[in-house]
């Protein structure tokens, strides 16, 4: 059996996941093996570039794996997530609140919205009003399996490119921290699909920083799945 959901570029050929059959333990083992095969090693530490709003969360998630995951996952994290976190130039200013962006009559810049969500998630669960916006963004992704550069006011129709892999990384990070805070299966389900998209891309299609982000997300995701399988 092969894990079919990452066999082709999901940015270009999205998978709807409709009527996916239940294939039992062998599917789970195939999925785990497929994810582990996507981990990429580097000869030396590489910088992982993220917006400043995500910097604390990236460090917190790596520490979560090293503190809470199994010895095997901790070893994988130490091996494949050896990076220094660096800010993307020009991202050091606190973003506007998600509510302000959502209430504006202007188009919503998706990167700015994600930075706003992550900024709020750095220490606490999302406020109820912000969580409504988070769920709406997840719903937009679930419908198309794409994240556009911009959305209309109130997160209406997406416009621009959907090939910015950084947006998929940031939304997956948001899902990961949301799952830790709330245990939301909506967050975990979206994270699995976002990571499918990232894992469907070859190293040639991702820069080193994106590959490192994917490494971290895979280690976190597998740690979550281990917890569910083991009943933790």
Residue list for region 1-33, filter: at pLDDT 90 or above and over 23 Å from the mean Cα position of the chain (by Cα): 26
Pick out the one residue from 96, 71 that is modelled with pLDDT of 95 or more, over 23 Å from residue 196 (Cα atoms), surrounded by fewer than 19 Cβ atoms within 10 Å (Cβ to Cβ) and more than 18 Å from the chain's Cα centre (by Cα). 71
Which one of 172, 182 is closer than 21 Å to residue 140 by Cβ and at pLDDT below 95? 182
Helices (runs of 4 or more DSSP H) (entirely within region 103-218) containing at least 3 residues that are surrounded by fewer than 23 Cβ atoms within 10 Å (Cβ to Cβ) and out of contact with any helix residue (DSSP H, G or I) (no Cβ under 9 Å at 6 or more places or on another chain): 128-144
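The values are calculated or read from the model by the stated rules, or taken from the named source; none is laboratory data. Bear in mind that the values here come from a model prediction, so they are computed numbers and not experimental data. Note that each Cβ is placed from the backbone with ideal geometry, even for glycine, and that neighbours are counted across all protein chains shown.
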